[in-house]
Amino acid sequence: MKIYTKTGDTGETSLLGGRRVSKSDKRIAAYGTVDELIAFIGLLRDQSVAAKISKDLIQIQDKLMVCASMLAAGCDDCQNRLPELKDKDVDFLEKEIDSMTVRLPHLSSFILPGGHQAVSVCHIVRTVCRRAERSIIELKENNYVPEIILRFINRLSDYFFVLSRSLSIDYQIDEIKWVSNVD
């Protein structure tokens with residue numbers, strides 16, 4: 001199978017249901033940002049993270065592929081059978097967040113990302129996740145989007161924030177608190 005089809009040369013692409021849309025369509029932007037998120041999570045996995053974290057990140061990438069396919073469907077009654085997100089996928093993130101939060105110091109201010117490459121990549125992943133969420137919300141304004149996708153993506157950005165803090169502890173990195181210089 002050739003990687004190029006030449007069918008996108010005019011600025012259009014096909015959704016899973018076969019409908020052609022502009023590559024600037026909000027649906028393409030939404031699942032394209034999820035795709036970008038999946039790639040950045042791969043970069044985070046490539047850092048020196050613990051085996052459990054790497055395993056969890058693979059599971060998250062898998063669920064994001066599910067999100068992307070649901071967003072790429074572009075039809076409520078597609079003939080293609082699609083994978084689904086489930087409440088247990090959101091529950092998994094919440095359980096992991098709670099587990100990591102137990103060991104974190106109380107936070108009363110914003111923190112500046114950095115201190116270790118894995119921590120910085122984790123913050124990049126978090127911000128791409130927030131952008132994906134905004135893109136999906138924009139799509140939802142005029143299109144059907146299953147609410148579980150937004151719940152999962154919203155919780156996922158929380159997961160990456162907590163993971164970044166947890167990694168700071170693992171790598172013995174001091175978090176730099178942002179203090180406003182407003183008098």
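Among the residues of segment 85-111, the ones that are of a type in the set (A, V, I, L, M), farther than 19 Å from ALA51 by Cα and surrounded by 11 or more Cβ atoms within 10 Å (Cβ to Cβ) come to 5 in all.
Just so you know, in segment 139-170 the residues that are polar (S, T, N, Q) and in a helix (DSSP H, G or I) include one that is surrounded by the fewest Cβ atoms within 10 Å (Cβ to Cβ), and it is ASN154.
Here's the yes/no breakdown for (1) modelled with pLDDT of 90 or more; (2) in contact with a Lys or Arg (Cβ under 6 Å, 6 or more places away or on another chain); (3) in a loop (DSSP other than H, G, I, E, B):
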{"position": "VAL66", "(1), (2), (3)": "yes, no, no"}
{"position": "GLN79", "(1), (2), (3)": "no, no, yes"}
{"position": "LYS95", "(1), (2), (3)": "yes, no, no"}
{"position": "MET100", "(1), (2), (3)": "yes, no, no"}
{"position": "SER108", "(1), (2), (3)": "no, no, yes"}
{"position": "GLY114", "(1), (2), (3)": "yes, no, yes"}
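Once segment 115-138 is narrowed to residues that are aliphatic (A, V, I, L, M), touching a residue at least 60 places away in the same chain (Cβ under 8 Å) and buried (at least 21 other Cβ atoms within 10 Å of the Cβ), the residue that is farthest from TRP178 (Cα to Cα) is ILE136. Restricting LEU57, LEU16, LEU71 to residues that are modelled with pLDDT under 95 and farther than 16 Å from LEU139 by Cα narrows the list to LEU16.
When you check ASP98 against the structure, is it among the acidic types (Asp, Glu) and within 30 Å of ILE173 (Cα to Cα), yes or no? Criteria met by ASP98.
Each residue in segment 23-64 was checked for being assigned to a helix (DSSP H, G or I), of a type in the set (A, V, I, L, M, F, W, C) and under 17 Å from TYR159 (Cβ atoms), and 12 of them qualify.
The values are calculated or read from the model by the stated rules, or taken from the named source; none is laboratory data. From a predicted model like this one, the values you see are computed outputs, not experimental measurements. Backbone-built Cβ (ideal geometry, glycine too); neighbour counts: all protein chains shown.
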